[in-house]
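The values are calculated or read from the model by the stated rules, or taken from the named source; none is laboratory data. Predicted model only: the values in this text are computed from it and were never measured. In this analysis, Cβ positions are derived from the backbone assuming ideal geometry, glycine residues included, and neighbour counts consider all displayed protein chains. For the accessible areas, the whole protein counts, side chains as well, though only heavy atoms, and no ligand, DNA or RNA atoms are used. Shrake-Rupley method; radii C 1.70, N 1.55, O 1.52, S 1.80 Å.
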Amino acid sequence: MTATACRITDAQIRQYHEEGWFILERAIPDEHVKLLRDNCQFAIDEVHAEMDKLGTDVIGINHRGSRYFSGHTSQKQPALFEFIYSQLMAELCRSLLGPEAFVFWEQYVVKMAEAGMTFSWHQDSGYVGDIPHNPYLTCWCALDDVSEENGTVYVLPYSRAGGKSIKPHIHDPVTNDLVGYQGDDPGIPIIAPAGSIAVFSSVTLHRSGFNRSGKPRRSYLIQYSDEVVAGPDGKPRGRTEPFLHGGEIVGRSPA
C-alpha cells in the first residue's frame, strides 16, 4: 500500500467539520507503520530515563508500567520526519486545514498490557490552556489493531457533546488528567486495524479505555495547526516547523 492510494472523501471532510472526526482505515503505508513501531520503544525508554533521574514513577500524565505519553521523538529520531512530512499527511492537512500548515505536536501514546490505565474525557485544546487558537488537527495513528479490549480511543461527536466550543477542564489530582466532560455518554469507540488513522479536531472530546489485553496498545499521535500557536508573551505553545505553504510541502524533505 502507498500513501498516494489514500484519498479523503467529501463525506469524510463533511463529517470532520460537522461532527469533529472520521476514520481512515489502513491508510498508513506498511513501511511507515514499521517506522513508527521501530521508534516506539525509544520513546518509552526516554520516559523511563527521566523517571529514573527524578526518582519517580509518575511524570505528568505518564505512569510507569501503565501508560506513556512520550513527546517529540522525531527531534531525536529524525527518521520519523519521513512520515510526518509524507504525502498522506499533506493530503489530510490540505483537505482539513487548508494550504498552510505547521507541525504542532507529536507523541507516542502507549497502554501497557493488562495495566494500561484509562485516559479521561478531554479536548486537546483543553491542554493548550487559555491561549486563543484555531482548532488544530489530530491524527491518532494505530500501530496495533485497536479495540475496546485493548483501550482504544472513544470520540464524542459535536452533536452529542453540545457543540465544538472549548469546555472547562478540571485537573484530576490522582491521574493528572484534565477532565473536560462529566456526562454519561460513552462515546463512539475507534475499532480499526493497525495502520488506520482516527482523525479528529482539537476541540473534539475523546477518551481512552483500559487495556485488558495481553499486549501493549501502541499509537502515534501527530498534530498540525494552520497557524503558529503562541501565548500573549509571543512564545509558541507547541512546535512551529512549517509543513505546507501554498498547499505544497515545505521545510524538511522526507528521507
Label-point separation in nm, residue 72 to residue 130, each point 7 Å along Cα→Cβ: 2.5
Relative contact order for the stretch 1-122, counting Cα pairs under 8 Å that sit 6 or more residues apart, in percent: 30
Number of Lys pairs (Cα under 22 Å; 8 or more positions apart or on different chains) in the chain: 5
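Once the piece of chain linking residue 53 and residue 160 is laid out straight, how much longer is it, given 0.36 nm per residue of separation minus the C-alpha distance between them?
Going from the current span to full extension adds 34.2 nm.
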From the coordinates shown, Cα extents along the principal axes in Å corresponds to which of (1) 46, 41, 40; (2) 47, 39, 34; (3) 43, 42, 33: (1)
Heavy-atom SASA rank of 122, 17 (probe 1.4 Å, accessible area, largest first): 17, 122
Given charges at beta-carbon only (K, R positive; D, E negative), |dipole| of the stretch 80-188 in Debye: 420
222 nm mean residue ellipticity, helices alone, for the chain (DSSP H n ≥ 4; -39,500 (n - 2.57); rounded to 500): -5500 deg cm²/dmol
Accessible-area composition of the chain, carbon plus sulfur, in percent [1.4 Å probe]: 52
Relative contact order for the chain, counting Cα pairs under 8 Å that sit 6 or more residues apart, in percent: 31
Whole-number accessible area per residue in Å² for the stretch 10-130, which is evaluated in the context of all protein chains at 1.4 Å: 42
Solvent accessible area, Å² - residue 76, 1.4 Å probe, full protein context: 130
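Per residue, how large is the accessible surface of the stretch 172-255? Use a 1.4 angstrom probe and give square angstrom.
Here the residues of the stretch 172-255 average 44 Å² of exposed surface.
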